[in-house]
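> Just passing along the structure, written as structure tokens.
The values are calculated or read from the model by the stated rules, or taken from the named source; none is laboratory data. Not measured: the values here are computed from a predicted model. Glycine also receives a Cβ, built like all others from the backbone with ideal geometry; neighbour counts cover every protein chain displayed. Just so you know, the surface numbers come from the protein's heavy atoms only, side chains and all, with ligands and any DNA or RNA stripped out. Shrake-Rupley method; radii C 1.70, N 1.55, O 1.52, S 1.80 Å.
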Amino acid sequence: MSDTNNMIKVKKLRSGDIVFEFTPSISRDSIKVLIKGTIKLIYRLFSPIFVFFDKLAERRKLVISSIGLGIGLGLSIIVTQRPDALQAFPILENAILSGSEATVLKINKLNLYETVKSGNLTNLYDNVFEGDLIHLEGSGFLGQKIPVVIADLGSRNLLKQMEAISIGDEIIVIGKNNGTYRYRVIEIREIEAQYLTNVIDKEENSLIIYKPENLLRTRLFVVIAKPFN
């Protein structure tokens, strides 16, 4: 009742008029919930448009190069010719089923501990609400000589600290078999998304971790590490 009394006040003016003052108290948690709900609603409203352009891109070898949501929910999409596919979401050839899937990524220097699940994020819409790191289907398994590729493509930006990593730092990956696999960073680079598959193809017996540098995943931050005992 005290909260209600604080929110609604009644004043009587000299003229005899009665004025009701309504002063709602909104917590930060309520604001966060409202913002998240609004974003989800917007994506649900425009998801058919995103899906349409994604399918068009696959048929016509195009890429969505700009998406804008303006005041009044105006939508603008620019589609341009692309050389191959949207490389931030590479579809890799199936690996031979041996070794182990990644389940946890640990970087002690960054105080980072994140769960990993197997998956294949093939378009912008699918990955917006992804809550885990993704061990890309078709890449190698832990213990194989084929590159293991782990991506952070969700909106939570789980690897936001990754840019503080240095050459020689240790990365630990725990497998589904409860095995511990240790790697040392040998290379750090920023690349255009279209060159990601080239990086994956030339690296053997390695761990490749990447995250987007912009909303449309056209520029990537990539870390390459090699196993050690």
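> Restricting to DSSP loop positions (anything but H, G, I, E, B) with no more than 13 other Cβ atoms inside 10 Å of their own Cβ, which GluC sites (Glu not before Pro) remain in the range 141-229?
Passing both the DSSP loop test and the Cβ count: GLU204.
> What is the distance, in nm, between label points placed 7 Å from the Cα along the Cα-to-Cβ direction at LEU41 and at ARG182?
Result: 5.2 nm between the two label points.
> A further question follows. Taking H as built 1.01 Å from N, whose amide H comes closer than 5 Å to the amide H of SER118, not counting residues under 5 places away?
HIS135
> At a Förster distance of 30 Å, what's the computed FRET efficiency of VAL104 paired with ALA164, Cβ-Cβ distance as r, to 0.05? Numbers along the way, then the final one.
Working: r = 20 Å, r/R0 = 0.66.
Efficiency for this residue pair is about 0.90.
> Here's something else I'd like to know. Keeping all protein chains in position, work out how much accessible area TYR183 exposes to a 1.4 Å probe, and write it in Å² to the nearest 10.
Surface accessible to solvent at TYR183 totals approximately 10 Å².
> Given points 7 Å out from each Cα along the Cα-Cβ axis, report the GLU137 to LYS9 separation in nanometres with one decimal.
Result: 6.0 nm between the two label points.
> Taking the simple approach of a point 7 Å from Cα along Cα-to-Cβ for both LYS117 and GLU204, what is their distance in nm?
3.4
> While we're looking at this one, here's another question. Apply the Karplus parameterisation 6.51 cos²θ - 1.76 cosθ + 1.60, with θ equal to phi minus 60°, to every residue of the range 132-144 and state each ³J(HN,Hα) to the nearest whole Hz, in sequence, with x for glycine and proline.
For the range 132-144, the Karplus curve yields 10, 6, 10, 8, 4, 4, x, 7, x, 9, 4, x, 8 Hz.
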